[in-house]
Amino acid sequence: MRYVPLTSAVWVLFHLALVAGLMGLLFWRFLAVRILVSVTLLQFMALRLSIDGFGHGLHEWFWISVCFWFLPTGRKGDIEAQRLGRIDFLYAFGFAPALILFFYTLSGLYKILHASVALSQGVVGGFSPSAMAVTIAQRALETSAEPMWAGVIIDMPLLGWPPYLGLYFIEVFSIAVFFRPSLHRVWGVILIGFHFGTLLFLDIVFPLHILINALFFVMSPFAPNDPGWRSMLAAVPVFGGLFRLGFGWSAKLARINSRAVSG
């Protein structure tokens, strides 16, 4: 960038990114290739952000690529043939979804912190009934955008309060979902719905995040094939205990009714 014309540097970086991406697709089992993908992606991000301004759409892709450094290196057949190799692969692959969910948790905690500060100061914040409407209106004024569903919430602010608070819950407890495989798929769908919501209400697009959630959660290799709605509700953070208690009482009532009928 310093010693050659900018157009020439961009040309080189563009083709390096194509080559690194193709090598990462075909030869991912080699550590040097996985590191090359990360370094090239970091350079591409630096160039893009220096021209277009700050953005974080590619940050998750970069950190996912770093997680893949820890994948076992070697021939596929040799890795699959050994139990330790398969376990190492699952651990390394699991780093990526765990980190993604941790990012969502950090985002939720950040939102709650600011909402708590606003509440303590007596100003409109994340816990206010009009929080979503105010956020949408501010975004529209800043960008002159006209999101498709923005008017609905601005006209009826209370309609946006439940999903706004629900988003806090979804984000804050996302990291706990990593340890509850029965929730992986449904949580992935919810997170994808959240990013569709940012498009419809705020005109903010997260196509890469939708793809990431689809790959790592909706198609999670750790999720059971058919967990059942009861087990999913029982695994929900915080409220799972209440669901389990309700299921227990329901089972007891069913047994009592069964004995009464048979008697």
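Filtering region 159-195 to residues that are closer than 30 Å to residue 223 by Cβ, of a type in the set (Phe, Trp, Tyr) and in a helix (DSSP H, G or I) leaves 164, 168, 169, 187, 194.
Examine region 146-158 for a residue that is touching a Gly at 6+ places or on another chain (Cβ under 7 Å), crowded, with 19+ Cβ neighbours inside 10 Å, assigned to a helix (DSSP H, G or I) and without any contact (Cβ under 8 Å) to a residue 60 or more places away in the chain, and state whether such a residue exists. Yes - at least one qualifying residue is present in region 146-158.
Determine whether residue 107 is polar (S, T, N, Q), assigned to a helix (DSSP H, G or I) and touching a residue at least 40 places away in the same chain (Cβ under 8 Å).
Numbers: polar (S, T, N, Q): yes; assigned to a helix (DSSP H, G or I): yes; touching a residue at least 40 places away in the same chain (Cβ under 8 Å): yes.
Yes; evaluated as a whole, the condition is true for this residue.
Under the condition of being out of contact with any Leu (no Cβ under 6 Å at 6 or more places or on another chain) and touching a residue at least 40 places away in the same chain (Cβ under 8 Å), which residue from region 173-183 is surrounded by the fewest Cβ atoms within 10 Å (Cβ to Cβ)?
181
Scanning region 202-219 for residues that are surrounded by fewer than 19 Cβ atoms within 10 Å (Cβ to Cβ) and in a loop (DSSP other than H, G, I, E, B) yields a total of 4.
Each residue in region 215-254 was checked for being farther than 24 Å from residue 90 by Cβ and among the aromatic types (Phe, Trp, Tyr), and 5 of them qualify. Can you name every residue in region 8-20 that is surrounded by fewer than 15 Cβ atoms within 10 Å (Cβ to Cβ) and within 30 Å of residue 90 (Cα to Cα)? Result: 18, 19. Name the single residue that is surrounded by the fewest Cβ atoms within 10 Å (Cβ to Cβ) among those in region 29-54 being more than 24 Å from residue 90 (Cβ to Cβ) and of a type in the set (S, T, N, Q). The residue in question is 50.
The numbers here are math on the coordinates, done by the rules we state, and not lab data. From a predicted model like this one, the values you see are computed outputs, not experimental measurements. Heads up, the Cβs are rebuilt from the backbone with ideal geometry, glycines too, and the neighbour counts pull from every protein chain shown.
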